[in-house]
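One structure is given here, and the rest of the page talks about it.
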Amino acid sequence: MGKRGAFIVIEGLDKSGKSTQAATLLRRLQDSQVSAKLIKFPDRTTTIGKMVDSYLRSESELDDHVIHLLFSANRWELASSIEESLKQGETIICDRYAFSGIAFSASKIRPGSHSYPLLDYAWCRSPDIGLPAPDIAIMLDVSQDVAQARGGYGEERYEKEDVQRRVRDVFVRIGEEFEGSGGKWLVVDADEKPDEVQTVIWDAVKDLVKGIEGPLEKLWD
Ligand code: NYM
Ligand code: MG
C-alpha cells in the first residue's frame with residue numbers, strides 16, 4: 001500500500017489571507033510534483049451550498065440551528081470524495097472546515113444580550129463528529145487593524161468587527177481542544193507579509209506532503 005495524501009486545513013477570520021495562502025501552497029506543491037488539490041468550504045456549488053450562499057448574502061433568512069446544520073451537511077456531502085482522494089495519494093488543501101463551522105455559530109449571542117450564547121458550543125461541534133480529520137489545521141491569526149487595512153470586510157453576513165472578535169475567541173478554544181485530542185493546530189501570525197506567512201506554512205507541511213503512512217483519523221472522535 002502506498003502512502004495516503006495529507007489533509008491540510010487552513011482556517012482564520014475573514015481577510016486573514018486564507019485563500020491567497022492556500023492558492024500559493026497549491027502552486028508550490030504542484031511545482032514540487034506533489035499531487036494536490038484545493039477545496040473550500042462552504043462549497044457554494046452544491047444544492048446545499050446554494051442555500052448557504054443565499055444566507056451569507058442575506059438573500060434569505062434561516063434559523064441559526066438550520067444554517068449551522070447546512071454548513072455541516074455541506075461538508076458531509078464532500079466527505080467521501082475527500083477520503084477517496086486522500087486514499088489515492090492526493091494531498092488536499094482545504095480553505096475553511098469544521099472549525100469555522102463551530103467558531104462562527106458558537107460566537108452568536110442572544111439578541112439583547114452582551115455575551116450569552118445563542119447556540120451551545122457542544123451542540124455546534126456535534127454534527128461534524130466523524131468527518132475526516134485534518135493532519136494539520138493552520139490558523140491564520142490576523143489583527144483587526146490589518147484585516148481592516150486589507151480593504152475592510154465585504155458585504156456578507158458576519159463580516160463585522162464585533163462578530164470577528166468573538167469568532168477569534170472561539171477559534172482559540174477550538175485550537176486548544178483540537179490539540180488536546182491529539183490534533184496538530186498551528187497558529188500563524190497573519191499580519192506578516194504573505195511571503196513570510198507562506199514560509200511558516202511550508203515549514204509546517206513539507207514533511208506531511210511527502211505522504212502519510214497512518215490511517216485517516218475521524219474528527220472529534
Ligand atoms: N462559515 C464558514 C460559517 O459560518 N460556517 C462554516 O461552517 C463555514 C465553512 O461563512 N464568514 C462562514 C465564514 C465566512 C463565510 O466563507 C464564508 P468564505 O471563506 O468567505 O467564503
Ligand atoms: Mg469571506
Sort out which residues of the range 101-121 are closer than 11 Å to H68 by Cβ and within 16 Å of ligand 2 (Cβ to nearest atom), and write them in order of number.
-> G101, F104, S105
Output the qualifying pairs, or none if there are none: Cβ atoms under 6 angstrom, residues six or more apart or on different chains, first residue in the range 95-111 and charged (D, E, K, R), second residue within 8 Å of ligand 1 (Cβ to nearest atom) and assigned to a loop (DSSP other than H, G, I, E, B).
-> R96/F41
Look through E11, E84, E59 and report the one residue that is in contact (Cβ under 8 Å) with a residue 40 or more places away in the chain and either out of contact with any Leu (no Cβ under 9 Å at 6 or more places or on another chain) or acidic (D, E) (or both).
-> E11
Filter the range 44-60 for residues that are within 16 Å of ligand 2 (Cβ to nearest atom) and assigned to a helix (DSSP H, G or I); which is surrounded by the most Cβ atoms within 10 Å (Cβ to Cβ)?
-> V52
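Table: residues versus (1) in a helix (DSSP H, G or I); (2) under 30 Å from G152 (Cβ atoms); (3) within 16 Å of ligand 2 (Cβ to nearest atom); (4) of a type in the set (A, V, I, L, M, F, W, C).
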| position | (1), (2), (3), (4) |
| --- | --- |
| K15 | no, yes, yes, no |
| T24 | yes, yes, no, no |
| R28 | yes, yes, no, no |
| K37 | no, no, no, no |
| P42 | no, yes, yes, no |
| L62 | no, yes, no, yes |
| L70 | yes, yes, no, yes |
Is one or more of the residues making up the range 153-162 under 14 Å from the mean Cα position of the chain (by Cα), among the aromatic types (F, W, Y) and within 14 Å of ligand 2 (Cβ to nearest atom)?
-> no
For G214, state whether it is more than 16 Å from ligand 1 (Cβ to nearest atom), loosely packed, with under 13 Cβ neighbours inside 10 Å and either at pLDDT 95 or above or under 18 Å from the mean Cα position of the chain (by Cα) (or both).
-> no
Determine whether I39 is within 19 Å of E83 (Cβ to Cβ), under 17 Å from the mean Cα position of the chain (by Cα) and buried (at least 21 other Cβ atoms within 10 Å of the Cβ).
-> no
Does I82 fit the bill of being in contact with a strand residue (DSSP E or B) (Cβ under 7 Å, 6 or more places away or on another chain), at pLDDT 95 or above and assigned to a strand (DSSP E or B)?
-> no
If you go through the range 124-158 one residue at a time, how many are closer than 20 Å to V188 by Cα, assigned to a helix (DSSP H, G or I) and in contact with a Ser or Thr (Cβ under 8 Å, 6 or more places away or on another chain)?
-> 1
Residues of the range 148-189 being free of Cβ contacts under 8 Å to residues at least 60 places away in the same chain, closer than 24 Å to V52 by Cα and either in contact with a Gly (Cβ under 8 Å, 6 or more places away or on another chain) or surrounded by 13 or more Cβ atoms within 10 Å (Cβ to Cβ) (or both), in sequence order, are V163, R166
Is one or more of the residues making up the range 3-24 farther than 20 Å from R173 by Cα, over 14 Å from the mean Cα position of the chain (by Cα), hydrophobic (A, V, I, L, M, F, W, C) and loosely packed, with under 14 Cβ neighbours inside 10 Å?
-> yes
How about the range 91-123: which of its residues are buried (at least 19 other Cβ atoms within 10 Å of the Cβ), part of a helix (DSSP H, G or I) and out of contact with any His (no Cβ under 6 Å at 6 or more places or on another chain)?
-> A98, F99, S100, G101, I102, A103, F104, A106
Take V66 and decide whether it is closer than 28 Å to L119 by Cβ and either exposed (fewer than 15 other Cβ atoms within 10 Å of the Cβ) or in contact with a His (Cβ under 7 Å, 6 or more places away or on another chain) (or both).
-> yes
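The values are calculated or read from the model by the stated rules, or taken from the named source; none is laboratory data. Keep in mind that this is a model prediction, so the values were computed, not measured. We place every Cβ from the backbone using ideal geometry, glycine too, and count neighbours over all the protein chains shown.
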